[in-house]
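The values are calculated or read from the model by the stated rules, or taken from the named source; none is laboratory data. The shown structure was predicted, so the numbers you read here are calculated from the model rather than taken from an experiment. Cβ placement follows ideal geometry from the backbone for every residue including glycine, while neighbour counts extend to all protein chains displayed. SASA here: full protein model, heavy atoms, side chains in, ligands and nucleic acids out. Shrake-Rupley method; radii C 1.70, N 1.55, O 1.52, S 1.80 Å.
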Amino acid sequence: MAQLKAFWEWFSEYQETYYHLRGFPEDEQVYCFNELDRQLTVYHSSLTYVLHSPKDKLEAELVLTAMVIRMGCCLPSI
């Protein structure tokens with residue numbers, strides 16, 4: 001639990017950066033995404049995220065999810 005608390009403390013410190021990331025140069029965006037990956041991996045190696053920030057809204061959303069990789073498994077087409 002300490003690692004999870006540490007992640008959210010880190011994210012709280014940098015959340016404004018991620019909120020405005022769309023306006024950053026590409027190399028800075030890549031750096032920030034790599035750092036977010038690194039911070040999540042410290043907590044658990046299977047965590048990943050989706051960062052959604054529509055241009056026309058004042059809200060952004062960070063969704064954390066677990067990556068599931070199964071060898072030889074196919075998802076049904078919809």
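State all residues of region 34-43 that are free of Cβ contacts under 8 Å to residues at least 12 places away in the same chain and not charged (D, E, K, R); if no residue qualifies, say none.
N34, T41
Quick check on region 9-24. Is at least one of its residues farther than 20 Å from A66 by Cα and in contact with a Lys or Arg (Cβ under 8 Å, 6 or more places away or on another chain)?
yes
So in region 23-68, with the set limited to residues that are open to solvent by 90 Å² or more (accessible area, probe 1.4 Å) and over 14 Å from the mean Cα position of the chain (by Cα), which one is nearest to L4 (Cα to Cα)?
Result: V68.
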